[in-house]
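One structure is given below, encoded as structure tokens.
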Amino acid sequence: MGAQQIVNLVIPVGFLAVFYFLLIRPQQKRDKSIKSMRETLKPGDDVVTIGGIVGKITKVTDESVTIEVGADKTRIIVEKWAIGKLLESK
């Protein structure tokens, strides 16, 4: 195997490695942390949905959560996958 063939093999492998470490791996880490956050939701947590609705969790089931929003404490049932962020405790 000549030096030119090795270079022709190393360049695509190098691009794949850079692509993996700059794009794929960070996205997998984000997905894992979001999944973990959604599994640990509990009543009393303040959350933001992916649609931007801010509320407090009142009930958690396997697939959904009930959140209270607004001054009149309107309750909304949303799927767990729709929870985008857990707000910090005050």
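Each value in this text was obtained by applying a stated rule to the coordinates, not by laboratory testing. Treat the numbers as computed from the prediction; the structure is a model and nothing was measured. When we count neighbours, we look across all protein chains shown, and the Cβ atoms used for this are built from the backbone with ideal geometry, even at glycine.
Please report the relative contact order for region 42-90, taking Cα pairs under 8 Å with a sequence separation of at least 6, and give it as a percent rounded to a whole number.
Reported as a whole number, the value is 38 percent.
Below 8 Å, C-alpha to C-alpha, sequence gap of six or more: please give me the relative contact order for the chain in percent.
Relative contact order here is 22 percent.
Counting other beta carbons within 10 Å of each residue's own, what order do SER36, SER64 fall into, fewest first?
SER36, SER64
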